[in-house]
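Okay, structure first, notes after.
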Amino acid sequence: MHGKPKAAFFDFACCEGCQLQIANLEEEIIGLTELVDVVEFREVLTGSAPAYDVAFIEGSITRPEDEARVKDIRSRSKLLASFGACACTGGVNKLKNLRDLTTVRKEVYGDKWNMPHLLTYPTRAVHEVVKVDAYVPGCPINRQEFLTIVKTLLLGLVLKLPDYPVCVECKKKDNVCLYERGMTCLGPVTRAGCDAICPTNASPCEGCRGSVPNPNRNSMKEVLAKHNVPLEAIMRKFTIYALDPEAGK
Ligand code: SF4
Ligand code: SF4
Ligand code: SF4
């Protein structure tokens, strides 16, 4: 590879909050520009390139043209990374998959619901459409974790994300469990790595980093039973970031 690797950023269905995290890297932006030559990034610069060493994808795939575009990007990029919950799991965009698509289209677009460019299909995460080499979880992403994952990826490695739940980080901080305060929290089944930022600030975990691999269903069940919380009371929470609802059973 001559010179710095060429990197490009692309957005699909999302709020663009994760790109903003990168655009706002401030002093850490030097860390990124030392690592890569950013050749495409709509929010930050004009310009394009025919091929990339690494493409970063934000957002979910919701339309046939998205699918064609992400496949084209994949074919022109040596490596591809999903960043943010929308790309990594489908995130909040997958909420629409739980309902009748025509009803959702009518609610959102009114009498224009069947215009050809508005005909979205069920949301998919990026890896459900093309091969993904690395994931940066979160809603939004954590800038430092993003930089670490980029470095690891460029070294030809894949960073192993924590395979334990948010509760582990929460307990290390000696937080009082939010279940003790009458709240419901998805920490027992959510992948750690955020330093339990939400429960530490008295806000329940909503699962933005996705399901922990092999979630301990018994642990979730025990927490719910201990605090007399019926599973149904938290089932809706599982859908916010498309967590595996089986994790709670
Ligand atoms: S993961 Fe969250 S912050 Fe990032 S683009 Fe999606 S909705 Fe926005
Ligand atoms: S359930 Fe939530 S508040 Fe309780 S220990 Fe786990 S992460 Fe912390
Ligand atoms: S505590 Fe949960 S919702 Fe908050 S950042 Fe961490 S994984 Fe996301």
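Rule-based calculations on the coordinates, nothing more; no lab input. Because the structure is predicted, anything quoted here is derived from the model rather than measured. Methodologically, a virtual Cβ is constructed for each residue, glycine included, from the backbone with ideal geometry; neighbour enumeration extends over all protein chains shown.
For the chain, modelled as a GNM whose springs connect Cα atoms under 10 angstrom apart, the maximal fluctuation among LEU154, LEU98, LEU186 occurs at LEU98.
What number comes out for the charge environment of ARG124, summing +1 per Lys or Arg and -1 per Asp or Glu over other residues with Cβ under 11 Å away? Show your work: numbers first, answer last.
Values: positive: ARG63, LYS94; negative: ASP66, GLU67, GLU128.
Here the charged neighbours net out to -1.
Within the chain, the cysteines lacking any other cysteine Cβ closer than 4.7 Å to their own Cβ are CYS15, CYS18, CYS88, CYS167, CYS170, CYS177, CYS185, CYS194, CYS198, CYS205. Judged by the mean number of other Cβ atoms found within 10 Å, the most tightly packed of the peptides 165-171, 103-109 leads the ranking 165-171, 103-109.
If you take every DSSP beta bridge whose two residues both sit in the chain, what share of them, in percent to the nearest 5, is antiparallel?
Values: 6 of 24 bridges.
Of those bridges, close to 25 percent are antiparallel.
Taking Cα atoms only, the orientation of helix 64-75 departs from the longest principal axis of the chain by about 70 degrees. Highest mobility in the GNM of the chain, judged by mean-square fluctuation with C-alpha springs under 10 Å and restricted to SER48, SER82, SER211, is found for SER48. In this structure, the pairs whose alpha-carbon distance is over 32 Å, taken from LYS4/LYS237; LYS6/LYS160; LYS173/LYS221; LYS78/LYS112, are LYS4/LYS237; LYS78/LYS112. Restricting to segment 6-154, compute how many DSSP beta bridges are antiparallel as a %, nearest 5. The antiparallel proportion sits near 20 percent.
Using only Cα atoms, find the angle between the long axis of helix 143-154 and the longest principal axis of the chain, and express it within 0 to 90 degrees, rounded to the nearest 10. Roughly 60 degrees between the two axes. Which parts of segment 191-227 would a label at ALA233 reach, counting a residue when its backbone N lies under 14 Å from a point 7 Å out along Cα-to-Cβ? Counting backbone N atoms under 14 Å from the label point, the list is 221-227.
Per DSSP H run of n ≥ 4, the term is -39500 (n - 2.57); total these for the chain, divide by its residue number, and report the mean residue ellipticity at 222 nm rounded to 500 deg cm²/dmol. Write down the numbers at each step before the final one.
On the way: 10 runs with 82 residues, N = 249.
Computed ellipticity for the chain at 222 nm equals -9000 deg cm²/dmol.
Model label points for LEU20 and THR200, set 7 angstrom from Cα along the Cα-to-Cβ axis, are 2.2 nm apart.
The stretch between LYS160 and LYS4 holds 53.7 nm of extra length on full extension. This uses 0.36 nm per residue minus the Cα-Cα distance.
Based on other C-beta atoms within 10 Å, arrange CYS205, CYS15 from fewest to most. Write out the running numbers ahead of the final one.
Working: CYS205 26, CYS15 17.
Sorted ascending by nearby Cβ count, the order is CYS15, CYS205.
Sorted fewest first by neighbouring Cβ atoms within 10 angstrom, CYS177, CYS208 come out as CYS177, CYS208. Charge tally for GLY47 (other residues, Cβ to Cβ under 14 Å; Lys, Arg +1; Asp, Glu -1): -1. Relative to the longest principal axis of the Cα atoms of the chain, helix 231-240 runs at roughly 10 degrees. The simple spin-label model puts a point 7 Å past each Cα toward its Cβ; for ARG181 and TYR109 those points are separated by 4.3 nm.
Build a GNM of the chain with springs between Cα atoms under 10 Å apart, and of ILE141, ILE197, ILE149 the one that fluctuates most is ILE197.
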